[in-house]
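Every read-out reported here was derived from the displayed coordinates using simple, explicitly stated rules and does not represent laboratory data. Nothing here was measured: the structure is a model prediction, and the numbers come from that model. Note: ideal-geometry Cβ built from the backbone for every residue, glycine included; neighbour counts use all protein chains shown.
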Amino acid sequence: MTRQIGSSAARAWLEIDLGAIQRNASLLANRAGVPVLPMVKADAYGLGAVPVVRALERVAPWGFGVATVDEGVELRDFGVTRPIVVFTPLLADDLDDAREANLRPLLSREAEITAWGVSHPWHLGIDTGMGRAGRRWDDVGPLRDLLATHVPEGACTHFHSAELDDGSVAIQEDRFSQAVAQLPSRPRVLHVENGAAAARRERSQWSVIRPGVFLYGVGSGPTALVSPEAVVGMRARIVDIREVRSGESVSYDATYRASETRSIATLPVGYADGVRRALSNRGAAIVRGRRVPVAGIVTMDMTMVDVTDVPCTIGDMATIIGRDGKEEITIEDLAQAGDLSPYEVLTGLRQRLERRYFGLPDGLDSGMGAS
């Protein structure tokens, strides 16, 4: 069910700033001096592919990146006419569906390139060190005769450690350049930089950049030259407050025991909503502008927090992600607390939560609803 923005009836909800996504994309595009090819796979990293694409259309992207044919078809059904690149290798059975939806697959093997044909655009995937897909950079030569007739529109590679500043980006770029030089002709669209790489540069030497998690508010480490605006908030109403006496426990396995009488509030969100179990006894929320710790194991539908020192009542709002007063909990904070990747936190935000979109200037926000 979809509620309008501003509804107070929801037990819990996500707030997604589409304007911030748009500005994060513009920030990188302006620095790079080339268009963006935004990654909107996995339902735009859990935030809703359709409304996110609608917002990103405003920055005139070259196209969009997805992981599966089904994701590409969803965008076509929505009305996207820009190029859509499928970055995960396809099985032979997927090729017809990809062709029918006018998607651009990443191909690297002779048989699949031949099967794809010469009438539809595609991109050559080149493995320069990631070690998961694509043609090895030093094994492109044998494709030369085939690529003279089956000409790729684009070619790309993927950095494995763009956030580490360990010199690997330069090595991989050099390998990519060597591979491109072996092709019978230079593809029209060359792309290598993810958001972390683009955030460390002033200009790009390639055709487009491929930001992903940066668009959705996750930064690229302390050595990045720019940081994104926050995009996501998660809020929940307190649905229960109870007194737990000294020695009594909270939640499964009794991992939390009160050393003295404590006041414990129950939030109606759990790991089925994206509050990861790894945050048990380690995470926090914000209630009335003050940070409160998670008490006990996070359950499927509920999370308990210790509000002993914070006067509050049933119905008050708790912030799991976002800002309340001077306190803020970011995606990175949750990831660090739970020993998780920020990507896991974002993509784990479940469809069960109502999504409230805002931030677009033309009043379309409330009409988007939940995707």
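When shorter helices are ignored and each DSSP H run of at least 4 residues is given -39500 (n - 2.57), the per-residue value for the chain at 222 nm works out to -6500 deg cm²/dmol. Summing charges over neighbours of ARG352, with a neighbour being any other residue whose Cβ is under 12 Å away from its Cβ, gives 0 when K and R count +1 and D and E count -1.
Indicate the gyration tensor shape class of segment 232-368 (rounded, prolate or oblate), computed on the Cα atoms with a ≥ b ≥ c the square roots of the eigenvalues: a/c under 1.5 is rounded; otherwise a/b larger than b/c is prolate and the rest oblate.
Numbers: a/c = 2.05, a/b = 1.60, b/c = 1.28.
Prolate shape, in that a/c is at least 1.5 and a/b is the bigger ratio.
Would you work out if segment 188-293 is rounded, prolate or oblate? Take a ≥ b ≥ c from the square roots of the eigenvalues of the alpha-carbon gyration tensor; rounded if a/c is under 1.5, else prolate when a/b is larger than b/c, oblate otherwise. Display every interim value, and only then the final one.
Values: a/c = 3.42, a/b = 3.32, b/c = 1.03.
Cα axes put segment 188-293 in the prolate bin.
Within the chain, antiparallel bridges make up roughly 55 percent of the DSSP beta bridges whose residues both belong there. Separation of segment 48-82 and segment 116-182, taken as the distance between their Cα centroids, equals 24 angstrom. Among TRP13, TRP122, a tally of other beta-carbon atoms within 10 Å of each Cβ gives an order, fewest to most, of TRP13, TRP122. Look at the dipole of segment 232-368 built from charges on Cβ: of SER341, CYS312, GLY359, the Cα furthest out on the positive end belongs to CYS312.
Within a 10 angstrom radius of the beta carbon, how do CYS312, CYS156 rank from fewest other beta carbons to most?
CYS312, CYS156
Legend: calculated FRET efficiency, ILE171 to GLU328, from the Cβ-Cβ distance at R0 = 41 Å, rounded to 0.05, equals 0.65. GNM on the chain, C-alpha springs below 10 Å: top fluctuator among MET234, MET39, MET300? Between MET234, MET39, MET300, it is MET300 that shows the largest mean-square fluctuation. What does the charge count around GLU153 come to, taking other residues whose C-beta lies under 13 Å from its C-beta (Lys +1, Arg +1, Asp -1, Glu -1)? Within the 13 Å Cβ shell, the charges total +3.
Would you mind classifying segment 50-167 by shape? Square roots of the alpha carbon gyration tensor eigenvalues, ordered a ≥ b ≥ c; an a/c under 1.5 is rounded, otherwise it is prolate if a/b is larger than b/c and oblate if not. Don't jump to the answer; show the numbers that get you there.
Working: a/c = 2.05, a/b = 1.19, b/c = 1.73.
It is oblate, given that a/c is not under 1.5 and a/b is not larger than b/c.
Each Lys and Arg contributes +1 and each Asp and Glu -1, all at the Cβ; summed about the Cα centre of segment 232-368, the dipole is approximately 120 debye.
On full extension, the segment bounded by SER161 and ARG245 gains 25.4 nm, given 0.36 nm per residue less the C-alpha separation.
Pairs of Cα atoms nearer than 8 Å and 6+ residues apart set the relative contact order; for the chain it is 19 percent.
Between VAL269, VAL244, VAL66, the GNM of the chain built on Cα springs shorter than 10 angstrom shows VAL244 fluctuating the most.
What is the magnitude of the charge dipole of the chain about its Cα centre, with +1 placed on the Cβ of each Lys and Arg, -1 on the Cβ of each Asp and Glu, and no other charges, expressed in debye to the nearest 20?
Numbers: 41 positive and 48 negative charges, 129 e Å.
Magnitude of the dipole: close to 620 debye.
Loop-only check: which trypsin sites (Lys or Arg not before Pro) in segment 112-143 are DSSP coil with at most 11 other Cβ within 10 angstrom?
Values: sites: ARG132, ARG135, ARG136; in loops: ARG132.
Sites meeting the loop and neighbour criteria: ARG132.
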